[in-house]
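Asks: I'd like to ask you about the structure that follows.
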Amino acid sequence: MKSVVVFGGSGFVGTHVTPLLLEKYDRVYLADIKNPCWHPGTSLPDDKRIVYVKCDVRNPIDITLFDGTIDCIVNLAAIHTSPGHPAHEYFEANIHGAKNICAYAENVGCQKIIFTSSISVYGPGEDEKNEELIPMPAIPYGSSKIIAEYIHREWFNKAPETRVLMTLRPGVIFGKGEGGNFTRIANALQKGLFAYPGRDSTIKACLYVKDICTFIVGSIDRVPGSYLFNFCYPEKITIKQIVQTFKKAFGYKAPEIVIPFKIIAAGAACVNLIPLPFIKKMGLVPERIVKLIKSTNISSLKLMNSGFKFGYTLEEALKDWAKDCGGKSLY
């Protein structure tokens, strides 16, 4: 029985990639500290080949936890919402997780790991970032991810002739069950007004969840080697273009305004003096507001040159997302 283990498989990307993995494997293990589909809006097919196993990657992983021959590991496990956690939590989950997953792969003789890192390893800046640049992360999440990359590379270097390591640095991933920035944009447009924080020219590297899932599954059959790709649309998509595409795809008529950054930051700082949990849940924290005006100008030229073709344009992806939601409001 040939199996794949998806660490962090209960969440957004994990639940999207699982149906595709079922086409290749006898069993798909979802190893996660949370139950499957904890991410609102996500779902899984009713298939007995999908097996959930509670697993905290911060701790050593028992080699008897999963049955069968483990042909591949997909490492999606991470604490990633930033800001949102104390610095030590990113390091405990993302670095210890990488160490324990690579040790597990070593112990069971698994020769393939697909690891999702992050574009946050590059740090802030309006200049274009490609895979050749020296990473300079500016936040704990980004620092933990680049260290996790090095840990995976150490695993690969022990047997480069037989191992496959695919490291992906995705931009903002959107789709059904995302519950993040793209969902908030849709909700604001539906309500009749969209306010750009600071400017409307901020570049946002982004991608549709189904495209990265297709690439992940395709990576399983690669020849031995270590691969590293940024993963986002090749176009320099601005926040204004994202909003305009939403309006074109769904006929939203909401007017758009630009609110000066100083006003938004001051307002967020004042609101955060109110000790109510929903304030932070809504993203009304100064650190998150600052992120909204910083471009993520990421090059995906290397990905395009590898022969990969995105299955969906931005507009097609938004319409497909709506279809998955039954033609109703995006979630």
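Asks: Sorted by packing (mean other beta-carbon atoms within 10 Å per residue), highest first, where do 58-66, 295-303 land?
Replies: Put in order of decreasing packing, that is 295-303, 58-66.
Asks: At Glu316 and Phe250, where each label point lies 7 Å from the Cα along Cα→Cβ, what is the point-to-point distance in nanometres?
Replies: 2.1 nm
Asks: Taking 0.36 nm per intervening residue step and subtracting the Cα-Cα distance, what contour gain separates Lys262 from Lys240 on full extension?
Replies: Once the chain is fully extended between Lys262 and Lys240, it gains 6.0 nm.
Asks: For n ≥ 4 DSSP H runs only, could you compute -39500 (n - 2.57) per run for the chain, divide by its residues and tell me the 222 nm figure to the nearest 500?
Replies: Rounded to the nearest 500, it is -11500 deg cm²/dmol.
Asks: Does anyone have the angle between helix 261-271 and the longest principal axis of the chain? Alpha-carbon axes, 0 to 90°, nearest 10?
Replies: 80 degrees
Asks: So, one more: Calculate the spin-label point distance for Leu133 paired with Tyr150, positioning each point 7 Å from the Cα along the beta-carbon direction, and give it in nanometres.
Replies: Taking the two extended label points, one gets 1.9 nm.
Asks: Extending each Cα 7 Å along its Cβ direction at Ser329 and Ala103, get the distance between those two points in nm, one decimal.
Replies: 4.6 nm
Asks: Follow-up question, since we're still on this one. To the nearest 0.05, how large is the calculated FRET efficiency for Asp26 and Gln111 if R₀ is 22 Å and r is the Cβ-Cβ distance?
Replies: Efficiency for this residue pair is about 0.80.
Asks: Now a separate question. Once amide H atoms are placed 1.01 Å from N in the peptide plane, what residues at a sequence separation of 5 or more from Val74, or on another chain, have their amide H within under 5 Å of its amide H?
Replies: When sequence neighbours closer than 5 places are left aside, the close amide H contacts are Val5, Val6, Phe7, Ile114.
Asks: Show me the chymotrypsin sites (Phe, Trp or Tyr not before Pro) within the stretch 9-63 that DSSP assigns to loop and that have at most 15 other Cβ atoms within 10 Å of their Cβ.
Replies: Passing sites in the stretch 9-63 are Trp38.
Asks: Would you please give the residues with an amide H less than 5 Å from that of Tyr196, counting only those at least 5 places away or on a separate chain, with H modeled from the backbone geometry?
Replies: Counting only residues 5 or more places away or on other chains, the set is Ile257, Val258, Ile259.
Asks: Continuing with this model, one more query. With θ set to phi - 60° and the Karplus curve 6.51 cos²θ - 1.76 cosθ + 1.60, what are the ³J(HN,Hα) couplings of the stretch 42-48 in order, to the nearest whole Hz, using x for Gly and Pro?
Replies: Each residue's phi maps through the Karplus curve to give 8, 8, 9, x, 7, 9, 5 Hz.
Asks: Which trypsin sites (Lys or Arg not before Pro) in the stretch 110-193 pass both tests, a DSSP loop state and at most 15 other beta-carbon atoms within 10 Å?
Replies: Details: sites: Lys112, Lys129, Lys145, Arg153, Lys158, Arg163, Lys176, Arg184, Lys191; in loops: Lys158, Arg163, Lys176.
Those satisfying the criteria are Lys158.
Asks: Under 5 Å between amide H atoms, partner at least 5 residues away or on a different chain: which partners does Phe231 have, H built in plane at 1.01 Å?
Replies: Long-range HN contacts for Phe231: Arg169, Gly171.
Asks: Label the stretch 1-91 by shape, choosing from rounded, prolate and oblate, from the square roots a ≥ b ≥ c of the eigenvalues of the Cα gyration tensor; if a/c is under 1.5 it is rounded, and otherwise prolate applies when a/b is larger than b/c, oblate when it is not.
Replies: Numbers: a/c = 2.33, a/b = 1.41, b/c = 1.65.
In terms of gyration-tensor shape, oblate.
Asks: Oh, and also: Taking the Cα centre of the stretch 153-203 as the origin, how large is its charge dipole in debye, to the nearest 20, when only Lys and Arg (+1) and Asp and Glu (-1) carry charge on their Cβ atoms?
Replies: Numbers: 8 positive and 4 negative charges, 13 e Å.
Roughly 60 debye, rounded to the nearest 20.
Asks: For each of Ser120, Ser143, Ser43, count neighbouring Cβ atoms within 10 Å of the residue's Cβ, then give the residues from fewest to most.
Replies: Ser43, Ser143, Ser120
Since every read-out is calculated from the coordinates, none of them should be taken as a lab result. Computed from a predicted model, the values in this text were never measured in an experiment. Cβ: placed from backbone, ideal geometry, glycine included. Neighbour counts: every protein chain shown.
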